[in-house]
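Please see the structure below; I have some questions.
The values are calculated or read from the model by the stated rules, or taken from the named source; none is laboratory data. In this text, all values refer to a predicted model and were calculated from it rather than measured experimentally. Cβ placement follows ideal geometry from the backbone for every residue including glycine, while neighbour counts extend to all protein chains displayed. Surface areas here come from the heavy atoms of the whole protein model, side chains and all, with no ligands, DNA or RNA. Shrake-Rupley method; radii C 1.70, N 1.55, O 1.52, S 1.80 Å.
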Amino acid sequence: MSAEMNIVCAWCAGPAACVEGAVSHGICVECALAMLRKLPKAYLASIAEPDGTVTLFSGHRLDIETGRRR
């Protein structure tokens, strides 16, 4: 028997991962990007990749200049 986990966004309560079973909490891509957009640009620049993006664990990237997903 495998232990599957349903991961729900702790910010918006939407699904953060598509698996079934017990419930845990994380953060969905849209809420994570919204949180990054609220951080000071100087801080984002200090942790950005050379191409000017910040990469989430999910692999999605935020362009710190435009505030849009790449």
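Which cross-chain or sequence-distant (5 or more) residues have an amide H under 5 Å from the amide H of ALA16, H modelled 1.01 Å from N in plane?
Amide H neighbours of ALA16, under 5 Å, 5+ apart: ILE7, VAL8, CYS9.
If you don't mind, there's one more thing I want to ask. Charges on Cβ only, +1 for Lys and Arg, -1 for Asp and Glu, centred on the Cα centroid of the chain; of ALA45, ALA10, HIS60, which one is farthest towards the dipole's positive end?
Positive-most Cα among the choices belongs to ALA45.
Taking the Cβ of VAL54 as the centre, find all other residues whose Cβ is under 14 Å away and add up their charges (Lys, Arg: +1; Asp, Glu: -1).
Numbers: positive: ARG37, LYS38, LYS41, ARG61, ARG68, ARG69, ARG70; negative: GLU49, ASP51, ASP63, GLU65.
Cβ neighbours under 14 Å give a net charge of +3.
What whole-number value in Å² describes the accessible area per residue of the chain for a 1.4 Å probe?
Working: 5060 Å² over 70 residues.
It amounts to 72 Å² per residue over the chain.
Then there is this: If you take every DSSP beta bridge whose two residues both sit in the chain, what share of them, in percent to the nearest 5, is antiparallel? Provide the component values of the computation, followed by the final result.
Values: 5 of 10 bridges.
Expressed as a percentage, antiparallel bridges in the chain total about 50.
Please state the relative contact order of the chain as a whole percent: Cα pairs under 8 Å, 6+ residues apart?
Numbers: 100 pairs, mean separation 13.9, N = 70.
Dividing the mean separation by the residue count of the chain yields 20 percent.
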